[in-house]
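What follows is a single structure, written as structure tokens, with notes after it.
The values are calculated or read from the model by the stated rules, or taken from the named source; none is laboratory data. Worth saying up front: this structure is predicted, and the values here are computed from it rather than measured. Here the Cβ positions follow ideal geometry from the backbone for every residue, glycine too, while neighbour counts run over all protein chains shown. Note: areas computed on protein heavy atoms with side chains; ligands, DNA, RNA excluded. Shrake-Rupley method; radii C 1.70, N 1.55, O 1.52, S 1.80 Å.
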Amino acid sequence: MTTSIGPFTGIGRTLQWTSGAISTTGGDLISDTTDGIACTFTVSVGPQTLGTPYCMTEVNSTGVRAVLSATGASAASANDVTLETSDLPANAFGDFPTSQVQGFIPNPAGSEGHLCLGGAIGRYVRPGQIVNSGAAGAFSLTLDLTQQPTPMGFVSVAAGET
């Protein structure tokens, strides 16, 4: 028998088997032989959505607003975060800027959009980090949380930082 449970929204996991003696919190593999029937469960937890939106994008040439999201583990020590953006114009190049400070600068340098960062702003511009949206109008970047770009060099993300 295969069944799906969830979605799980936190790091901890819970599974209960109401007709037997199975109960776990946090394990990935559960086995039980209640009533002579062998039961094995594998609990798989996918990436969770991270962050809180705070700045609205402008409608682009596709007629919709681009979407930026982050998925992965909520613990910085897991070093598991991917930025994803969609609803972009096809075959457009882009990169992800980064800062520890929120901001709002309308139409920076004459652009049509807004810069929603303040303070010291870094950019992911190493090889492979300037990406093309392709025909789908989307791209993503898996981050190395030990190598966050700033104007003064790279820093590591610490627990509790956004």
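Dividing the alpha-carbon Rg of the stretch 84-157 by 2.2 N^0.38 Å yields what?
On the way: Rg = 13.1 Å, N = 74, 2.2 N^0.38 = 11.3 Å.
Ratio of Rg to 2.2 N^0.38 Å for the stretch 84-157: 1.16.
Starting from the 7 Å offset along Cα-to-Cβ, what nm value, one decimal, do you get for the label separation of ASP95 and ALA136?
Placing both labels 7 Å beyond Cα along the Cβ direction yields 2.3 nm.
With a 1.4 Å probe and all protein chains left in place, how much of the accessible area of the stretch 102-158 comes from carbon and sulfur atoms, in whole percent?
Values: 2030 of 3390 Å².
C and S atoms contribute 60 percent here.
With the full set of protein chains in place, find how many percent of the accessible area of the stretch 59-98 is carbon and sulfur; take the probe as 1.4 Å.
Numbers: 1160 of 2140 Å².
About 54 percent, which is the carbon plus sulfur part of the accessible surface.
Tell me, what is the per residue accessible area of the stretch 83-162 in Å², probe radius 1.4 Å? Could you put the intermediate results ahead of the total?
Numbers: 4840 Å² over 80 residues.
Accessible surface, normalised per residue, equals 61 Å².
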